[in-house]
Structures are given as structure tokens and as C-alpha cells.
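Each remark here refers to the structure printed beneath this line.
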Amino acid sequence: MLVLYTRNIDRNFAAESIQNWWYKHLVSNKKESKMEKQRINQKILCKRMDELEMAISELNTLEANEINRRLLKIENMLYAAKDMLTSQEAANYIGISLSQLYKLTCKSKISYYKPQGKMVYFAKKELDEWMRQDHCPANIQNSQSNEV
């Protein structure tokens, strides 16, 4: 009976050992499969990051020019909404350099406003009038004779 009892204990121990080994094997396989999935996910992520970086670099060159063009267009539209312009805005509005604008103000050839003695401002209407001065009408008779 003692022999049977020890054999049962050995069988139970062996069964438990096999079960423990199998469980450890499954857990280690799960860990390995998780690690493998993580490696695959990391590879996929690295590949996608590289693709994104390439797309961004392409966009940076193409989009930057388009963004600058649109910003200039918006800035020009803002001039139309303002009645008073700063020196830089006025120079851009009438198409001359800032130094040329200062020369015109020093010679009093263009009207300006200087509140509190610091900043110089220009009325948009007065700039339009200044640009319309010295009008040279077209000679209609010359243009008709050139067509004949």
C-alpha cells in the first residue's frame, strides 16, 4: 500500500510538474507572442513614422509657398478695410519703399497724421487722392488713327 501511495504521489507530482511546465510554457509563449506583436507594431510604427516624415517634408516645401501667397493676399485685403494706415502699410499700399515715403512726408508732398508726436499715420482716402494727382488723359484721336 505504501508503494501504491508513493506511486500516486509520484504520479500527482509528475502531473503537477507537467501542468506547471505546460502553464509556464504557455505563459512564456504568450509573453513571446506579445513581444513579437510589439516588435511588429514597432516596425509598423517606425515605417509609418518614416512615411509621415516624408509627407511632411513634401508638404513643407509645397505648402509654405501656398501659405505665404495666401497670407499676402489676406494682408492686401486688410488694407481695404482700414481707413488709417501705418507707414509700412502706406508704403505697401501705394507701392513705394518706406524711405521714399519718408522723403515725401519730409517735403510735405503727401499728407500724414502724427498723433502725440510719435507714430505717423496716413489716411487711405488721401493716399488714393495723391496717387490720382497729375492725371494724364488718353488721346483718343491718336489711338483711332493708329487703328486705321
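Does the stretch 79-98 hold any residues that are surrounded by 11 or more Cβ atoms within 10 Å (Cβ to Cβ), in a helix (DSSP H, G or I) and not small (G, A, S), and which are they? Walk me through it before giving the result.
Narrowing the stretch 79-98 to residues surrounded by 11 or more Cβ atoms within 10 Å (Cβ to Cβ): 79, 82, 84-87, 89-94, 96, 98.
Filter again for in a helix (DSSP H, G or I), leaving 79, 87, 89-94, 98.
Hits for the stretch 79-98 are Y79, E89, N92, Y93, I94, L98.
Where residues in the stretch 116-130 are modelled with pLDDT of 90 or more and not acidic (D, E), which of them is surrounded by the most Cβ atoms within 10 Å (Cβ to Cβ)? Step through it out loud before you land on a result.
Kept after step one, since they are modelled with pLDDT of 90 or more, are these residues of the stretch 116-130: 120-130.
Next, from what is left, pick out any that are not acidic (D, E): 120-125, 127, 130.
Numbers: V120: 16, Y121: 15, F122: 23, A123: 16, K124: 18, K125: 10, L127: 20, W130: 17.
Per the stated criteria, the residue is F122.
For the stretch 81-91, check the following and say yes or no: at least one residue is of a type in the set (S, T, Y) and either at pLDDT 80 or above or assigned by TED's automatic domain parsing to the domain that holds E129 (or both).
Yes, the conditions are met somewhere in the stretch 81-91.
The values are calculated or read from the model by the stated rules, or taken from the named source; none is laboratory data. These figures come from a predicted structure and were not determined experimentally. Here the Cβ is made from the backbone with ideal geometry for all residues, glycine too, and neighbour counts use every protein chain on show.
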